[in-house]
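Right, one structure below, let's go through it.
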Amino acid sequence: MENIFNAAPFVVLACAVIAIVFAGCKFFEVKKAPEGTETMSAISQKIRRGAMAYLKRQYKTVGIFFAVMEVILIILAAAGLLTWYVPFAFLSGGFFSGLSGFIGMKIATYANTRTANGAREGLNKGLKIAFSSGAVMGMTVVGLGLLDISIWYILLRFVFNESIESTMAAMLTFGMGASSMALFARVGGGIFTKAADVGADLVGKVEAGIPEDDPRNPACIADNVGDNVGDVAGMGADLYESYVGSIISCGALAVAAGHGVSGVILPMAIAAIGILASIIGTFFVKTKEGATQKMLLGSLRTGTYISAVLSAVVSFILIMTLLPDNKAVFGAVLSGLLAGVLIGFFTEYYTSDSYNPTKKLAASSETGSATIIIDGIALGMQSTAIPVIIIGISVIVSYFVAGGMSSFESGLYGIGLSAVGMLSTLGITLATDAYGPVADNAGGIAEMSGLESEVRNRTDALDSLGNTTAATGKGFAIGSAALTALALIVSYTDKVNSIDSSILDLTITNPAVLIGLFIGAMLPFLFSALTMQAVGRAAQKIVVEVRRQFREIKGLMTGEAEADYETCIDICTKSSLHEMVLPAALGIIAPIVVGIVLGANGVVGMLAGALVSGFVLAIMMANSGGAWDNAKKYIEAGNYNGKGSENHKAAVVGDTVGDPFKDTSGPSVNILIKLLSMVSIVFAALIVNFGGMGLF
């Protein structure tokens, strides 16, 4: 058995390499596809240049933050408050998180015009190219994630000969680097993309009465750039962090539960098997010409469900091998897988125009913008109930099947395994999510290139499907974030107890805990307010600029002159980089300040409050935004008087409200709740030694 434990990390490393190689093959497969006409290629190059220019400037800004944090961590390590592994783990986590997003963005900017050109041949061709580019993103994220984890594990265990306890304590901290990078990427990219999108919609569609992706619209290229830097690069960094966080937090809980090396290896092995299952699932994604939205969704779901079943079957074999005395924990893995599938289904139900909630939302456009906004917010609020119940059931099942009745720590390990189970097939789940922005860009290129209406109808069908899969992916990410954040809170309490076992008093009547709960519950709302205001300020600048160009560039509206796209891209870039700093800093500073003022108990309260309110708020915002977007597309398809009608204008206003909901604030909140926990763990020694100000 010891030989198995020694060989397992290298097998995991091999699976990580397989994922990266598969991603590379898909990357070059997509690049080999023809770009289309010269006009299509030129538009795609403008989008690619804008996206690259933004990411370079973003990484320079984030690099300053990482340099400052590195100095702080080195000082703390020198003072004996951290191990010397932490500063290096922090950098590696941030680097791989950023790299995941960068590679995903690169393939997306190559795939957009090729997807549009594929749609000229048929719907299935366009779907295959867009999905293949999504598969590059999915396999890159899981491949780099497991590569980072397995290399660190091998170095700490076999090179530096650290105990399993010290190994997991060190590995837990590189999640802080991944979370920090993810938050900057999500917030910055989200502000960029939604500022451009809102500006393009309000001035182009509502005021000028031209299509969103009309080449006369000065913000149209910035909008397409934003899809890549926000919905692709930001999302890749986000889900890298979720994936890595779930695996390492589960490993930390395995140590606390006394499962030792076998318990730590299990989540890594399940993730490795999930990679192979995801690769197999990608070969089952295909459709036929004239497919409905339900048929297109069914095509993507087929691949996802096959991957989930394969992962479940092999996970059972792994558990029988690695934890033969605790084989009931398979129920925890299965509950996580099922929870992910169910959350995805109900997210689809509330956001797809194939179902009644979004159709009814479109119908509310009959009475104007106010009613569609009211009904959209109500839909989002209503949609929170089922995911909360699903996560609650998953937590209960995972806790008890893992032995929670006899051992509290074993029960918590089960909860960690359910999070790993939910994300085990992230390779293909993320592929269906990353596919969406590519399809959206393809539609824009088809419009700007003047391709025939049949092509645009196909890209519109793929784009509408992308809105639903993106909303489903966000629901998946939020659900896993809740389980991972719960595991991280336990890891924080274990860390505090290892420093001073007498310090924690987590009774609800403890003033520090109670105050922390209130502060934590407030943080997601404050964070969302900051990010939405940032989108509003940046969008106002775009609106002013687009109006100026329509007014001052003679011949623009008649198509005789070209819009100044670069100015809009520059405005979005500068605004997003400036505006992302304060919200991102909030997630890093808040735990330290609360810890210094309220002590370790106050931090636990803060983490619990942020988890509960952040989980519900993120679901509400993601689903409201997705439903508004698809309600608009449902009307554009010819329902309720179609494009250009008063119904359409009302739906566009609703969609502009939903844009920062679903693509900036909502998805960023799930990173926030995990970053708060990661920062708390890293700075636990500082909080224990100097926190509470003598009052708590």
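The values are calculated or read from the model by the stated rules, or taken from the named source; none is laboratory data. In this text the structure is predicted, and so the values were computed from the model without any measurement. All Cβ positions, even for glycine, are placed from backbone atoms using ideal geometry, and neighbour counts span all protein chains on display. With ligands, DNA and RNA removed, areas are computed over all heavy atoms of the protein, side chains included. Shrake-Rupley method; radii C 1.70, N 1.55, O 1.52, S 1.80 Å.
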Query raised in the report: Sorting Leu607, Leu318 by accessible area (1.4 Å probe), largest first, what list results?
Result: Leu318, Leu607
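Starting from segment 94-196, pick out the trypsin sites (Lys or Arg not before Pro) whose DSSP state is loop and whose Cβ has at most 15 other Cβ atoms within 10 Å. Walk me through the numbers on the way to the answer.
On the way: sites: Lys106, Arg114, Arg120, Lys125, Lys128, Arg157, Arg186, Lys194; in loops: none.
Listed in order of number, the matching sites amount to none.
Compute, for segment 350-448, the length of the dipole vector about the Cα centre, with Cβ point charges of +1 (Lys, Arg) and -1 (Asp, Glu) only. Units Debye, rounded to 20.
On the way: 2 positive and 7 negative charges, 53 e Å.
Using Cβ point charges on Lys, Arg, Asp and Glu, segment 350-448 gives about 260 debye.
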Report summary line: The correct pair for the chain, radius of gyration to one decimal and Dmax as a whole number, both in Å and from Cα atoms, is 24.0, 77
Report summary line: Check: C-alpha center segment 53-76 vs C-alpha center segment 140-171, spacing in Å is 23
Report summary line: Looking only at lysines whose Cα falls under 16 Å of Lys574's and that sit 8 or more positions away or on another chain, we get Lys56, Lys60, Lys194, Lys541
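Output the peptides 172-179, 68-75, 12-19 sorted from most to least packed, where packing is the average of other Cβ atoms within 10 Å over each peptide's residues.
Details: 172-179: 29.5, 68-75: 15.1, 12-19: 20.4.
Going by the mean number of other Cβ atoms within 10 Å, highest first, we get 172-179, 12-19, 68-75.
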Report task. Using a 10 Å cut-off on Cβ atoms, rank the peptides 496-502, 379-385 from the highest mean neighbour count down. Result -> 379-385, 496-502
Query raised in the report: Ranked highest first by average number of other Cβ atoms within 10 Å, how do 419-432, 667-680, 334-347 line up?
Result: 419-432, 667-680, 334-347
Query raised in the report: Quick one: Cα centre-to-centre distance for segment 654-680 and segment 510-562, in angstrom?
Result: 14
Query raised in the report: What shape does segment 457-594 take by its C-alpha gyration tensor, where a ≥ b ≥ c are the square roots of the eigenvalues and a/c under 1.5 counts as rounded, a/b above b/c as prolate, and the rest as oblate?
Result: prolate
Query - Förster-model FRET efficiency, 51 Å R0, Met405 and Val206, C-beta, rounded to 0.05 - result: 0.30
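Calculate for the chain the 222 nm mean residue ellipticity that helices alone would give, adding -39,500 (n - 2.57) per DSSP H run of length 4 or more and normalising by residue count, nearest 500 deg cm²/dmol.
Working: 23 runs with 558 residues, N = 696.
It lands at -28500 deg cm²/dmol.
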Report task. Go ahead and run the numbers for FRET between Lys541 and Ile374, Cβ-Cβ distance against an R0 of 41 Å, rounding to 0.05. Result -> 0.90
Requested in this report: Note the full-extension length gain between Ala77 and Asn457 as 0.36 nm times their separation in residues minus their Cα-Cα distance, in nm to one decimal.
Outcome: 131.0 nm
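Given Cα pairs under 8 Å that are at least 6 residues apart, what percent is the relative contact order of the chain?
Working: 1398 pairs, mean separation 145.2, N = 696.
Computed value for the chain: 21 percent relative contact order.
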Requested in this report: Along Cα→Cβ, 7 Å out, is where each label goes; now give me the distance between the ones at Ser498 and Glu562 in nm to one decimal.
Outcome: 5.9
Query raised in the report: Considering only Cα-Cα distances, which of the following residue pairs are longer than 31 Å: Lys125/Lys662; Lys32/Lys674; Lys32/Lys554; Lys46/Lys554?
Result: Lys32/Lys674; Lys32/Lys554
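Could you compute the net charge surrounding Val688? Neighbours are other residues with a C-beta less than 14 Å from the C-beta of Val688; K and R count +1, D and E count -1.
Numbers: positive: Lys495; negative: Asp494, Asp500, Asp505.
Overall, the nearby charge balance is -2.
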Query raised in the report: Which lysines have a Cα less than 19 Å from the Cα of Lys643, not counting those fewer than 8 places away in the same chain?
Result: Lys205, Lys359, Lys360, Lys632, Lys633
Query raised in the report: With contacts defined as alpha carbon pairs under 8 Å and 6 or more residues apart, what's the relative contact order of segment 312-403 in percent?
Result: 39
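With the full set of protein chains in place, find how many percent of the accessible area of segment 549-590 is carbon and sulfur; take the probe as 1.4 Å. If you can, show how the numbers build up before the last one.
Numbers: 1210 of 2120 Å².
C and S fraction of accessible area: 57 percent.
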